[in-house]
Amino acid sequence: MISQIPTDRINWKTSSFLIGTLILALTATPLYIWHFGVDAFQVTFFLIMACLTGLSITLGYHRLFSHLTFQAHWTVRLLAIIFGAAAFENSVLLWCSEHRRHHKYVDHDDDPYDITKGFFYAHIGWLLFKIDPDPPFDNVADLQRDPMVMWQHRNIHLLAFLVSFVMPALVGFAWGGAQCALGAFLIAGILRVVCVQHMTFCINSMCHTVGKRPYSSRCSARDSWFMALFTFGEGYHNYHHEFQHDYRNGVKPWQWDPTKWSIWLLSKVGLVSKLRTVPSERILLAELAEAQRQLQVKLDLPNLPTETHSVIKDAYERLQQTAREWANHRAEDLEVTREMLAELQAELRQALNSLRMADQLLFAAS
């Protein structure tokens, strides 16, 4: 498909930047380290800049501006706008418009980074090639009324260049002279931009390809604890697509979600407020419905071994009974207690264990 795209459809500016910074990260940065080594300052500065720009994308561009999952003090908004620009992922306005369109049209043609067009397309191809004309900003009217967002949009390229490249070089020069400035430019600037960008790109590609779908199979989004480690918690993508207005992605207490923890901490010092969450009952019911669907799919498999069929059928019938009880409970508008939620969680655990056992039996039979 890519080989058939005429050269006038190539996004030359974006392509040159993405490919150029990648080449520098893979050549100039290792050469610098080979000749001069890398010290604690360079490593620390890289990590600080990576965290500031990465969290500005996940906490700011994504959960604050795109999905309005909480409200933030102007200082938090300003920092997210400044360091988000340094990720070189364009302005809040454009980023959010594309992301809201992704959620509305996920896995269809109007999805800007549609995974059905291929892994490479979803990861970076949609940026390299102008397959479709730029869509109008008809889904970000709220952000167009925000003076801070519009200021960043008008000055995005200058702001990105200054914060991402000039500022690290100046800090490096102040710390250790010209050699340190070059190292900071290459490591905290170029290399960090490439790493943060591909972290974001992996959410569009890997998190629609690898992992499980415990909440819904209506779209390709998947939960991956492994991807969460590299994306500040954004790897729990199946949950996010099902409940996009929750400020949490890793909703379970043990799930790695530094963005969630950062938002929570900011709320404790009064810098953010009105954190939006999904009730536990709704989350459990979504898991229950998806577990039922998965069990039904396995029950419909041809030539299912008797032992496997028995395991699946028993779990499916228990879940059906649980679903009926909850439907009656909701119809009567009764209070949801912790004990009832605990019982539902226990039933789900049993059903998921049955699914795993069925998979093992099917694997052994094959």
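The values are calculated or read from the model by the stated rules, or taken from the named source; none is laboratory data. Just so it is clear, the model here is predicted, and its values are computed rather than measured. Heads up, the Cβs are rebuilt from the backbone with ideal geometry, glycines too, and the neighbour counts pull from every protein chain shown.
Residue-level check: of (1) free of Cβ contacts under 8 Å to residues at least 24 places away in the same chain; (2) within 24 Å of residue 43 (Cβ to Cβ); (3) surrounded by fewer than 15 Cβ atoms within 10 Å (Cβ to Cβ), residue 154 misses just (2). Scanning the range 24-31 turns up one or more residues that are on the phi < 0 side of the Ramachandran plot, part of a loop (DSSP other than H, G, I, E, B) and loosely packed, with under 15 Cβ neighbours inside 10 Å. Does the range 291-301 include one or more residues that are in a loop (DSSP other than H, G, I, E, B) and farther than 30 Å from residue 50 by Cα? Yes: the range 291-301 contains one or more residues that are in a loop (DSSP other than H, G, I, E, B) and farther than 30 Å from residue 50 by Cα. Is it the case that some residue within the range 229-249 is closer than 19 Å to residue 62 by Cα, of a type in the set (D, E, K, R) and assigned to a helix (DSSP H, G or I)? Yes, because at least one residue in the range 229-249 is closer than 19 Å to residue 62 by Cα, of a type in the set (D, E, K, R) and assigned to a helix (DSSP H, G or I). Within the range 95-109, restricting attention to residues that are crowded, with 17+ Cβ neighbours inside 10 Å and not charged (D, E, K, R), the residue that is farthest from residue 62 (Cα to Cα) is 106.
Residues of the range 101-149 that are among the charged types (D, E, K, R), within 22 Å of residue 238 (Cβ to Cβ) and assigned to a helix (DSSP H, G or I): 101, 104, 117. Suppose we filter the range 252-290 for residues that are modelled with pLDDT under 95 and in a helix (DSSP H, G or I); how many remain? Count: 11.
Residue-by-condition table, conditions (1) on the phi > 0 side of the Ramachandran plot; (2) assigned by TED's automatic domain parsing to the domain that holds residue 259; (3) surrounded by fewer than 16 Cβ atoms within 10 Å (Cβ to Cβ); (4) not β-branched (Val, Ile, Thr):
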| residue | (1), (2), (3), (4) |
| --- | --- |
| 82 | no, yes, no, no |
| 87 | no, yes, no, yes |
| 93 | no, yes, no, yes |
| 111 | no, yes, no, yes |
| 127 | no, yes, no, yes |
| 135 | no, yes, yes, yes |
| 140 | no, yes, no, no |
| 144 | no, yes, yes, yes |
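Under the condition of being modelled with pLDDT of 95 or more, in contact with a helix residue (DSSP H, G or I) (Cβ under 9 Å, 6 or more places away or on another chain) and aliphatic (A, V, I, L, M), the residues counted in the range 1-30 number 7. When residue 146 is tested against (1) farther than 30 Å from residue 180 by Cβ; (2) within 22 Å of the chain's Cα centre (by Cα), exactly one condition is not met: (2). The set of residues from the range 302-313 being surrounded by fewer than 13 Cβ atoms within 10 Å (Cβ to Cβ) and not in a helix (DSSP H, G or I) comprises 302, 303. Among the conditions (1) basic (Lys, Arg); (2) part of a helix (DSSP H, G or I); (3) under 30 Å from residue 249 (Cβ atoms), the only one that residue 324 does not satisfy is (3). The set of residues in the range 182-209 being in contact with a Lys or Arg (Cβ under 8 Å, 6 or more places away or on another chain) and over 24 Å from residue 96 (Cα atoms) is empty.
Test residue 176 against the criterion of being over 23 Å from residue 75 (Cα atoms), assigned to a helix (DSSP H, G or I) and modelled with pLDDT under 95, and give yes or no. So residue 176 passes the test.
Of the listed requirements (1) under 25 Å from residue 203 (Cβ atoms); (2) in contact with a Ser or Thr (Cβ under 9 Å, 6 or more places away or on another chain); (3) not assigned by TED's automatic domain parsing to the domain that holds residue 73, residue 249 misses just one: (3).
Scanning the range 212-233 for residues being at pLDDT 95 or above and within 24 Å of residue 109 (Cβ to Cβ) gives a total of 3. Only residues that are small (Gly, Ala, Ser) and either outside the structural domain of residue 119 (by TED's automatic domain parsing) or buried (at least 24 other Cβ atoms within 10 Å of the Cβ) (or both) were counted in the range 189-208, giving 1. Of all residues in the range 166-210, those satisfying the criterion of being β-branched (Val, Ile, Thr) and under 15 Å from the mean Cα position of the chain (by Cα) are 196, 200, 203, 209, 210. Summed over the range 261-288, the residues that are among the hydrophobic types (A, V, I, L, M, F, W, C) and within 21 Å of the chain's Cα centre (by Cα) give a count of 10.
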